[in-house]
Amino acid sequence: MKRLLFLGAVIFLTACSSMSGDKSALRSDELAAQEAARQEEKRRQDEARQEELRRQQEARRLEEEARRQEKARLEEEQWREIERVAAEQRRQEQSRLEEEAQRQEEASRQEEARRQEEARLEEEQRREAERIAAEQRRQEQLRLEEEARRQEEARRQEELRRQEELKQMEALREHRLEDDDDPSLVGLVTEDQLRDADPILLEQSIYFDFDRYDIAPEYATLIAAHARFLIANPTVKIFVEGNCDDRGSPEYNITLGQRRSDAIQRALLSLGVPTRQIEAVSYGAERPAAYGANEEAWSRNRRADIAYPMFNY
Amino acid sequence: MTFAKRNLLALIIFLVATIPRPTPAQVSVEVVGGEGSRISIAVLSFHGDETVDEEQRIGQIISADLMRSSAIRVVEASGLGAGFNDQVDYDYFSSAGTDMVVIGNVSERDGKIEAQYALVDVARRKRLVEEAVTEDKPASRMLAHRIADRVHLLVSGYSGAYATKICYVARDGHSSKIFISDADGYNRQLVYATDSPIMSPQWSPDGTRLAYVSFERQRPRIYVHNIASGSREVVSKFRGTNSAPAWSPDGKKLAVTLSKDGGSQIYLIDADGGNAKRLSDSRSRDTEPSFSPDGRHILFTSDRGGSPQIYRIPVDVRGRAQRVTFDGRYNTSPKYAADGQWFAYVRMENGRFSIAAQNMANGEIRYLTSGRDDRSPAFSPNGKAILYATEVKGRGALGAISIDGSTRWGIATYSHDIRGVAWGPYESHRVEASQ
């Protein structure tokens, strides 16, 4: 549109300049004709006038022609211009279009690249996810395998433990049970089991004064706890082992140790422990807990031990 | 000489005896009295064994044996030698106050060792006996012990019991070992070793087996162990405690202490186990049975009187237990002598445990030792000496003393503690441990 306005202005200006030139030429012709002869002048004037008129007409015609030509030229020019502009416009449009197309192409290329990148990323993510999933699956598999292995190991351990327990029970039957013992008395005990039942059960020694076998009152709780445990565990058979210090006859000391273990046995029986679960024996001075010919060692050896069949595993 | 001086001497001897040397046994003899009534004997070096180690020479071994007799005074004659066929220098030995001289030859032939010897009476200037003895084993000390026994029998009327074995249980920490050795402590052999306590070994009358208490199966049980074969069996495994075995003189029974019926009581069982017959019937602690040589009585320890004392009970008929010790407040571990005249026991006074002997007939008491902790007396088969467990500088040792208290000797064991001793019968002298 701007171009069209500009074109209009140019055409108008051109037209104005040509009209002012024609007026000044007419006035100089009239002044020259007055001086020469009036008739002549007049005829000449008429002739001239006619000539002038013809000339004028010719001029007008020429002018008209020129104007027409000019106009045509201008129109031509305008057309050309219009065409040029249009061509330019077309060109520009074309280039714009091309540019646009290029841009679009670029955009679509970029879009494509973006899509591709996106796809690549997606692919990558997918792969990563897959990898992670695979890793997780692998981990899970490993964990399961590990778990299975652990379970198998635990089962094996449990089996070994069971076998060991059976072996120890057999050894128990072999070593600790008398012919007249109830063969079911092969229960084994663990330290944890004792601790869980009552921590006091881990105390298994009762101490005595020199040549005495009476149980000091302070042991009542201890003995009662052992009695409860034995009643609750009827397959467990204990030995009560009497010991004494090493002064005097070893064999006579055996009888003192026996007195001590008998005393503990009586106390347990009175609390309701079945006879079959207790065997009172004496070690005399043969298995000292402490060595030395002094009161400290002696007092540690004057004791009765409650010996459970411990499961050693 | 007072007993205090005797003990000092004995201690010095034990100190010497306990210095470790390559040989397993050291014997030191101390004669503390009765010199005047002893027969003096010189044992000359035998011809034929000059080359062997001096300690292993026949004459030396016989001398060492006879030195442990309370009936004989050995005259030092180590520098003198005479063969079986040599003439004894009667004037020399007569002037030296020697009553008897032993001379002899020794030779090895076909892998055996043979000794020919003569016992010569110096006063009567004649040979009393000419004999020969043979042993299968070359360099056998037993050959010399047999000659010493024979010489002892000829001059005193009873065997010296030199060709016999002794047994003891040595304890080191948790380890118990049963050893046997010749009566002089030489030729020690391990019979059995275990990580459990063992105590109270007793030799069977036929010399082939040992009964003892072993704790290897959680409780004390009595085992009978064949020394030569090494086989062993449990003969008493009653519920509770089985302890204090004592062989009957015929070897068919064992008196034992059982707690199966509560307390500690004495029972009689078959030597191969079974058939428990209760002998003592008390609410007291009865233990440590010892058969009389005729097998009709048993001595044992009981606290029925309020303190441990020794009682006697008949075996085959029902009868009341008779108390036989009244001296002191602690008398335990009775052991009949083979002749039944004496029994040895452990008495405690002022916290010290020592060996004493009491005459069964007249009640005479002999306080034989006064160590701090002497125990487990065992008679020699001739009834003339008592072997016991003692300690020297905190180590276990064997002590021995003649029944008259005149002669004592010691055998080092290099173990921490001795948990029972036994002296084998005459029949034990050829027994060899299986290992």
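The values are calculated or read from the model by the stated rules, or taken from the named source; none is laboratory data. Worth saying up front: this structure is predicted, and the values here are computed from it rather than measured. Every residue, glycine as well, gets a Cβ built from its backbone with ideal geometry; the counts of neighbours run over all protein chains shown. Please note that ligands, DNA and RNA were not included when accessible areas were found on the heavy atoms of the full protein model with its side chains. Shrake-Rupley method; radii C 1.70, N 1.55, O 1.52, S 1.80 Å.
A few remarks follow.
- Subset of the stretch B:54-70 (residues that are small (Gly, Ala, Ser) and open to solvent by less than 20 Å² (accessible area, probe 1.4 Å)): B:Gly59, B:Ser63, B:Ser69
- Restricting the stretch A:277-313 to residues that are open to solvent by 10 Å² or more (accessible area, probe 1.4 Å) and in a strand (DSSP E or B), the residue that is nearest to the other protein chains (Cβ to nearest Cβ) is A:Ala307.
- Looking only at the stretch B:260-307, and only at residues there that are out of contact with any Pro (no Cβ under 9 Å at 6 or more places or on another chain), in a strand (DSSP E or B) and charged (D, E, K, R), the one that is farthest from B:Thr325 (Cα to Cα): B:Asp270
- Among the residues of the stretch A:161-179, the one identified as open to solvent by less than 70 Å² (accessible area, probe 1.4 Å), without any contact (Cβ under 8 Å) to a residue 40 or more places away in the chain and not small (Gly, Ala, Ser) is A:Met169.
- Some residue of the stretch A:250-261 being open to solvent by less than 10 Å² (accessible area, probe 1.4 Å) and more than 11 Å from chain B (Cβ to nearest Cβ): yes
- Of the residues contained in the stretch B:300-313, one or more are found to be open to solvent by less than 30 Å² (accessible area, probe 1.4 Å) and more than 14 Å from chain A (Cβ to nearest Cβ).
- Selected residue (criterion: modelled with the lowest pLDDT) from residues of the stretch B:274-295 that are surrounded by 14 or more Cβ atoms within 10 Å (Cβ to Cβ) and away from chain A (no Cβ under 14 Å): B:Leu279
- Here the stretch A:183-209 is the region considered, the condition is being surrounded by fewer than 14 Cβ atoms within 10 Å (Cβ to Cβ) and modelled with pLDDT under 90, and the residue that is farthest from the other protein chains (Cβ to nearest Cβ) is A:Ser184.
- Scanning the stretch A:210-243 for residues that are more than 12 Å from chain B (Cβ to nearest Cβ) and assigned to a loop (DSSP other than H, G, I, E, B), we see that the one that is farthest from the chain's Cα centre (by Cα) is A:Arg212.
- All strands (runs of 3 or more DSSP E) inside the stretch B:308-349 with 2 or more residues being in contact with a helix residue (DSSP H, G or I) (Cβ under 9 Å, 6 or more places away or on another chain): B:331-336
- Filter pass, A:Arg247 being within 14 Å of another protein chain (Cβ to nearest Cβ), open to solvent by 10 Å² or more (accessible area, probe 1.4 Å), part of a loop (DSSP other than H, G, I, E, B) and under 30 Å from B:Ser302 (Cβ atoms): yes
- Residue in the stretch B:224-235 that is among the hydroxyl-bearing types (Ser, Thr, Tyr) and surrounded by 24 or more Cβ atoms within 10 Å (Cβ to Cβ) present: no
- Residues of the stretch A:262-276 satisfying the condition of being within 12 Å of chain B (Cβ to nearest Cβ) and either of a type outside the set (Gly, Ala, Ser) or in contact with a helix residue (DSSP H, G or I) (Cβ under 9 Å, 6 or more places away or on another chain) (or both): A:Asp262, A:Gln265, A:Arg266, A:Leu269, A:Thr275, A:Arg276
- Taken together, the residues in the stretch B:351-361 that are within 12 Å of chain A (Cβ to nearest Cβ) and either farther than 16 Å from B:Tyr388 by Cβ or open to solvent by less than 50 Å² (accessible area, probe 1.4 Å) (or both) amount to 4.
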